[in-house]
1. Using a ≥ b ≥ c from the Cα gyration tensor of the stretch 94-156 (square roots of the eigenvalues), is it rounded, prolate or oblate, where a/c under 1.5 gives rounded and otherwise the larger of a/b and b/c decides, a/b for prolate?
2. If you count, for each residue, the other Cβ atoms within 10 Å and average over each peptide, how do 34-45, 171-182, 143-154, 264-275 line up from highest to lowest?
3. From the phi of every residue in the stretch 58-74, what ³J(HN,Hα) in whole Hz does the Karplus formula 6.51 cos²θ - 1.76 cosθ + 1.60 yield, where θ is phi - 60° and glycine or proline is x?
4. In whole angstrom, how far apart do the alpha carbon centroids of the stretch 265-307 and the stretch 64-99 sit?
5. Can you work out the PRE-style zone for Thr52? Point 7 Å along Cα to Cβ, and I want the residues of the stretch 62-82 with backbone N under 11 Å.
6. In what sequence do Met304, Met81 fall when counting other Cβ within 10 Å, fewest first?
7. So what is the 222 nm mean residue ellipticity for the chain from helices alone, if each DSSP H run of at least 4 adds -39500 (n - 2.57) and you divide by all residues, rounding to the nearest 500 deg cm²/dmol?
8. Just order 239-251, 157-169, 93-105 by mean Cβ neighbour count inside 10 Å, highest at the front, would you?
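A short reminder: the numbers here are calculations on the coordinates, not readings from a lab. If you're wondering where the values come from, they're calculated on a predicted model, not measured in any experiment. Positions of Cβ are backbone-derived with ideal geometry, glycine not excepted, and every protein chain shown enters the neighbour counts.
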Amino acid sequence: ALFVLGSFVVACSATVERLPRAGESLQAQAFLVEPGGKGLNLAVGARRLGATVDGLLAIGEDVLSALAEPALIRAGLPPGMLRRFPGPTGAGIGFTDAAGENCLAVHPGANARLGAGAVREVAGRIAAAALVLAQFEAGDEAVAETFRIARGAGARTLLNPSPFRLPGPEILRETRILVVNAVEAAAFAAALGLPVPEAEATAFAAFARALHARGPDLVVVTLGAGGAVAFPAGGGAQVQPAFPVAAVDTLGAGDAFTAGLAVGLAEGRPLPECLRIAAACGACVVRRAGVFDALPERTAVEAMLAG
Ligand code: ADP
């Protein structure tokens, strides 16, 4: 089974001809509200691939919190994943223009209240998982405590440090699998004082080696339409091209990819096969607008893999 540490964010997005300027009101061509957040996306992504998934997602006490439970039920996830805190639910608002350019602001709301105490309350459920996933819409204390419990119980841990901040040495030491996109990898390398790699797969080898020395035994860098590259400690780089699809909306590609990688690894599949599944998941998501409904079922992934 998989365990996913928060977040829950209600995502609102307006489709506009061009991004509004300061002080300007524009008419939008479309408006979409959907339950999201990296934690929910990873959980839904993994569940749709057939995995047993548990987790901890923070919601507030406002009207937006009411979207969480139906979303979990619709995705076949346990409503017991939700933990309610005083104050607002995490929410984001974004604009996407005709060229696909976007801008976005996210308020963490209840996600910021999820601390080590709430994590300890579900220690038994974390310890029951074979693979534990965290991302950085959760706070450092929550991630560190989750990984401590996971590692103490012999579980593998996967970290997607997004939105990017530098993971502290303890979190990094307890991370077995690290997944970053090219922008995060560049920020990470710069923060460690390493040369910043170009978006060329093999250029990330020195960065990956530096991380192997700090904890993770598998480093995966995603490169959008350029695919992905994985660096297992003590092995050679494994390049995974992207599946050629017409991209409609690239939001959620990283979450879908990470969910696919996690499920493949939890199923005990060899790394190259896990990377193919992950890339197929990412490709499925970019073909459709939005994220929640776009995260693929296993059958859609199998169809993509079969070509
Ligand atoms: P993030 O969403 O975190 O920025 P990426 O953009 O690197 O992550 O995308 C993650 C993965 O999704 C890529 O490694 C690739 O496999 C897949 N993907 C992303 N964009 C495309 C695309 N335009 N066409 C096909 N696959 C894509």
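1. It comes out prolate by the Cα gyration axes.
2. 34-45, 171-182, 143-154, 264-275
3. Here the 3J(HN,Hα) series is 8, 10, x, 10, 9, 5, 5, 4, 5, 7, 6, 5, x, 5, 5, 4, 4 Hz.
4. Answer, in whole Å: 23.
5. Answer for this model: none.
6. On the way: Met304 20, Met81 25.
Listing Met304, Met81 from fewest to most nearby Cβ atoms yields Met304, Met81.
7. -10000 deg cm²/dmol
8. Details: 239-251: 16.0, 157-169: 18.9, 93-105: 13.6.
Ranked by mean Cβ neighbours within 10 Å, highest first: 157-169, 239-251, 93-105.
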